[in-house]
Structure formats: structure tokens, C-alpha cells
Amino acid sequence: MSASSFPVLDPGHTSRGGAVEITLTSDRPLALRYSLSPHRRGAGDPAHRVEADGSIWRTSRFRTGPVTYHLRQVDRFEVTCEAWGAGSAEFLDSLPGLVGMEDDADGFAPEHRILAEAHRRFPHLRIGRTGQVMEALVPAVLEQKVHGVAAFAAWRYLLSKFGEPAPGPAPAGMRVPPPAEVWRRVPSWEFHRANVDPKRSKTIVRSAALADKLEPIVSMTREDAERRLRHVPGIGVWTAAEVMQRALGDADALSVGDYHLASVIGWTLTGAPMTDDEMLEYLAPIRPHRYRAVRLLEVSGTALRPKFGPRTVVTDHRHH
């Protein structure tokens, strides 16, 4: 179902501090918390802040400029948004997709009792899409084969150093992710200070140089989008899936190669660990909703995360 089938109320209304305000009303339940949580890169993400009242502050960068936006869920069907910055109007056009109003779960009818129960309990889970490829790609590359704590720290450092202050009355410390031309020129020693090894830093710089070729994947088929992403050296199936989940709202993008995912899926749904190949075979019948199934297990709290032995040490590349 397209976003145009949902009424949009009060577009373009100017509110406090010169913000542009919009209200979205959906004929299906929404849940900001679940649609936007995959975009948060750790508790200290300078581009994503969750307030005590559940409202969400985010920053982004569009062709027309930076934007800060503040989202509130009024009830199960209504979301309000205030936006500041030169990119506000362009961002508001993408807002229905971001909150999941363009996501279509029709045809998803899992037979496994755990998935079916999770789907029954969380029918309002929607896969949101930002439409912003580099915004999803850089942190995904930072998260390649490292601990989340190290990747999140690198993201905080790089945004604090190279991002610009968020426009409008954003919470202190919020930053707008830099444009591709800035990522392309980040010095190697700054990546080193961020504890990012040369392989990942080169992938980020290379991707930024190809940003004009990568951003258009948001309007491609998922097959063509994945093919173009993986054409970039350093971007494999896992990274491509992570980008497609967030930028395209791809409900089928499965993060094959994830350190824990296959085992989590195996233990949760079959009571035994799985390899990536076994996971792919097992989840094949629910295509094109494999990522939706993963998200349902996450938000429902039913995903089993067995202990995998001693936690590995976080590598500090700054001493190499």
C-alpha cells in the first residue's frame, strides 16, 4: 500500500522555533519505537536520541541540506513531526516511508508457532526506510567484524569530529552526518584515532567516492540494489543487507554472515544451532519477509541468545 493512500494532515504548518510541522494518520497501527530502533547506533548516537517520553530526535542530510526532526507517537494511528533545517521539506516527503507506512506485510503468514505468536502480538511492526544510503552504509561498514561497542564509539567520534551541529532546538551534542564529499576526505589518521582499521576506512572512502552511483539504489529492485552495493570492494552480503534494511526498508534483507544470527534463529525456532546455509534454507519459505521475521523475534523478546563462550577482546587498532 502506498503512502498516498494515507491521509496527511497539516502539512507545512509552521510551529515553534520556525519548525515545519506535519501530522501523519494511518489506517493501520504504527509503532515508532520499533520502526526507528534499527537506525540507532548505540545509546550515545549523536544522530539519534530517544527521550524519556518515548519521542525521538534524529538528524539526517538530504540533497537540499541538513535536517533535525522530532517525532512523537500520539496514538496507535497518528504520528506528529517537527523538522528544522534546509532539508526539512525534502525530509517530510520521505516521512511516511520512515515510520513504516510504505511497508507491506500482506502475505506474511508464518506457520512456526513462535513467529506466528510474535506476529499476532506485534501486528504494528513496520519496516521503515530512510532513503539515505550513505547514512546507513558508513555505520554498517564500521560494524564489520568488530564489537558493537567499538563500532558505536567510532561512529560517535567521527560524527563529533566531521558532522555539523544539528539545526533547530536539538538536544545538546547532536550532529548531522557529513556528506559524501567529507567522508571521502577524512584523513587516515582520523580513522585510526577512531579505532577503525585500514580495510574498513578504505571501504568508507571508496563508497563515498561512489556515492552518486550508490544513492540511486533506493529506487531499484532489491536484486539490482544488492548487486550494485556488492560491486564495491569491501561491501559483502552482510553489509549490503544492513544497508538495504535501513535505506530501502527491505523486509527480506537477511544479514547473512552475522556472528550470532544463524545460531539465534536456529536455537529459537528449532532448538539447535544453525549454519548460515541452514538458516537460508530454513527461512526460504517465508521470503520476502525474512528480515521481518528477525525483527519480530527481536521486538517480541523471544529470540534465544545462548552463551557463545568467553567474550572476545575488543581490538584496539590505534596501537597497531
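The values are calculated or read from the model by the stated rules, or taken from the named source; none is laboratory data. Quantities reported herein were computed from a predicted structural model and do not represent experimental measurements. Glycine also receives a Cβ, built like all others from the backbone with ideal geometry; neighbour counts cover every protein chain displayed. Quick note on the areas: whole protein, heavy atoms, side chains included, nothing else; ligands and nucleic acids left out. Shrake-Rupley method; radii C 1.70, N 1.55, O 1.52, S 1.80 Å.
Taking the options GLY131, GLY236, name whichever one is on the phi > 0 side of the Ramachandran plot and within 21 Å of the chain's Cα centre (by Cα).
GLY131
Can you tell me how many residues within region 42-67 are touching a strand residue (DSSP E or B) at 6+ places or on another chain (Cβ under 6 Å) and within 9 Å of GLY87 (Cβ to Cβ)? I'd like the intermediate steps shown before the answer.
First pass over region 42-67, keeping only residues touching a strand residue (DSSP E or B) at 6+ places or on another chain (Cβ under 6 Å): 46-50, 55-61, 66-67.
So of that shortlist, the ones also within 9 Å of GLY87 (Cβ to Cβ) come out as 60-61, 66-67.
Of the residues in that region, 4 qualify.
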Notebook entry, point to check: Mind checking which residues of region 170-183 are open to solvent by less than 30 Å² (accessible area, probe 1.4 Å) and out of contact with any strand residue (DSSP E or B) (no Cβ under 9 Å at 6 or more places or on another chain)?
Noted result: ALA180, TRP183
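Which of the residues that make up region 184-196 are over 17 Å from GLY42 (Cβ atoms), outside any helix (DSSP H, G or I) and open to solvent by less than 20 Å² (accessible area, probe 1.4 Å)? First the steps, then the outcome.
Of the residues in region 184-196, the ones over 17 Å from GLY42 (Cβ atoms) are 184-193.
Add one more test, that the residue is outside any helix (DSSP H, G or I), and what stays is 184-187.
Once the filter is applied, which keeps residues that are over 17 Å from GLY42 (Cβ atoms), outside any helix (DSSP H, G or I) and open to solvent by less than 20 Å² (accessible area, probe 1.4 Å), region 184-196 yields only VAL186.
Among the candidates PRO29, PRO46, single out the residue that is part of a loop (DSSP other than H, G, I, E, B) and open to solvent by less than 10 Å² (accessible area, probe 1.4 Å).
Working: PRO29 fails: open to solvent by less than 10 Å² (accessible area, probe 1.4 Å).
Every option except PRO46 fails the conditions.
Could you grab me the full set of residues in region 32-43 that are open to solvent by less than 40 Å² (accessible area, probe 1.4 Å) and not aromatic (Phe, Trp, Tyr)?
Initial filter on region 32-43 (open to solvent by less than 40 Å² (accessible area, probe 1.4 Å)): 32, 34-36, 38-39, 41-42.
Result: LEU32, SER35, LEU36, PRO38, HIS39, ARG41, GLY42.
Could you check region 72-97 and list, in sequence order, the residues that are touching a Leu at 6+ places or on another chain (Cβ under 9 Å) and in a helix (DSSP H, G or I)? Steps first, please.
Applying the first criterion (touching a Leu at 6+ places or on another chain (Cβ under 9 Å)) to region 72-97 yields 72-73, 76-83, 91, 95-96.
Within region 72-97, PHE91, LEU95, PRO96 meet the criteria.
Residue-by-condition table, conditions (1) closer than 22 Å to ALA247 by Cβ; (2) among the hydroxyl-bearing types (Ser, Thr, Tyr); (3) touching a residue at least 12 places away in the same chain (Cβ under 8 Å); (4) in contact with a Lys or Arg (Cβ under 6 Å, 6 or more places away or on another chain):
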| position | (1), (2), (3), (4) |
| --- | --- |
| ASP93 | yes, no, no, no |
| HIS112 | no, no, yes, no |
| ALA118 | no, no, yes, no |
| GLY148 | yes, no, yes, no |
| ALA153 | no, no, yes, no |
| ARG156 | yes, no, yes, no |
| LYS161 | no, no, yes, no |
| GLY173 | no, no, yes, no |
| ALA180 | yes, no, yes, no |
Margin query: Being over 20 Å from ARG28 (Cα atoms) and not aromatic (Phe, Trp, Tyr) is the requirement here; does THR80 meet it?
Written below: no
Checklist line | Check on LYS213, surrounded by fewer than 16 Cβ atoms within 10 Å (Cβ to Cβ), at pLDDT 95 or above and in contact with a Gly (Cβ under 8 Å, 6 or more places away or on another chain) | finding: no
